[in-house]
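Trainee: Handing you this structure, nothing more for now.
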Amino acid sequence: PKMHAADAELQITGGAEFKGREAYRIVFRAQSSGMLASLSGMTIDDEFLFFSEPDTLCTLSVSKRIREGKRKRQIDVEYLRDTGQLYIRELDESVVPPKSKKDTLKEDIPSCVQDPLSALYFLRRIPLGKDLIHSSMIGHDDVVKEVESKVEKLEDVKTPDGKIPAWKIDTVALLGGLFKKGGQFKIWL
């Protein structure tokens, strides 16, 4: 049966600033609600904040506040493009005092890495057509992988406003999965 599980909000703002540089500010929030949350007894209250360069959508920083049941994490990643590094700090905030899980400077990072949402916004800027293939370097915490997006076909997608034509795009992380459960997903733009 269908159940309401969560509410999600996605917001992008231009004209923001990150350390004196013009940036896009992307915020994604997810909160558990409805019957599924009541039945499972687990609450989710996550917030992800991304700052990206307006022209390239290369990610400047990522901040994740994760609240999933007893799991409480604060993860901060900053991409240092000029030096080819990224800095990551992860705190376990479920204990008092908070415990450092990671505090690392990683070397040999490509000059332009995009978080998944910035990569999606960048893909939307490209003129799409059948069989188009686009590659991006995608970062997830301190893992950076090349992700290939291939436009498969134009098809109608059912929405509350009726059928809308959309490009079906298959994405796959090359050389292994980007996320824990793999790295392939489909999107329609």
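Trainee: So which of S111, S135 ends up being open to solvent by 30 Å² or more (accessible area, probe 1.4 Å), in a strand (DSSP E or B) and modelled with pLDDT under 95?
Mentor: Details: S111 fails: in a strand (DSSP E or B).
The unique qualifying residue is S135.
Trainee: If you don't mind, another one. Answer yes or no: is there a residue in the stretch 56-72 that is touching a residue at least 40 places away in the same chain (Cβ under 8 Å) and among the small types (G, A, S). Break it down stepwise before answering.
Mentor: So the first thing to find is which residues in the stretch 56-72 are touching a residue at least 40 places away in the same chain (Cβ under 8 Å), and the list is 56-62.
Remaining after also requiring among the small types (G, A, S): 61.
Checked against the condition, which is being touching a residue at least 40 places away in the same chain (Cβ under 8 Å) and among the small types (G, A, S), the stretch 56-72 yields at least one hit.
Trainee: Same structure again: Just to be sure before I move on: is S33 open to solvent by 60 Å² or more (accessible area, probe 1.4 Å) and out of contact with any helix residue (DSSP H, G or I) (no Cβ under 9 Å at 6 or more places or on another chain) in the structure I sent? Reasoning before the result, please.
Mentor: On the way: open to solvent by 60 Å² or more (accessible area, probe 1.4 Å): no; out of contact with any helix residue (DSSP H, G or I) (no Cβ under 9 Å at 6 or more places or on another chain): yes.
Taking the combined requirement at face value, the residue does not satisfy it.
Trainee: Of R25, R81, which residue is surrounded by 12 or more Cβ atoms within 10 Å (Cβ to Cβ), within 20 Å of I138 (Cβ to Cβ) and within 15 Å of the chain's Cα centre (by Cα)?
Mentor: Details: R81 fails: within 15 Å of the chain's Cα centre (by Cα).
Within the list R25, R81, the selection yields R25.
The values are calculated or read from the model by the stated rules, or taken from the named source; none is laboratory data. Nothing here was measured: the structure is a model prediction, and the numbers come from that model. In this analysis, Cβ positions are derived from the backbone assuming ideal geometry, glycine residues included, and neighbour counts consider all displayed protein chains. These accessible areas exclude ligands, DNA and RNA; they are computed on the full protein's heavy atoms, side chains included. Shrake-Rupley method; radii C 1.70, N 1.55, O 1.52, S 1.80 Å.
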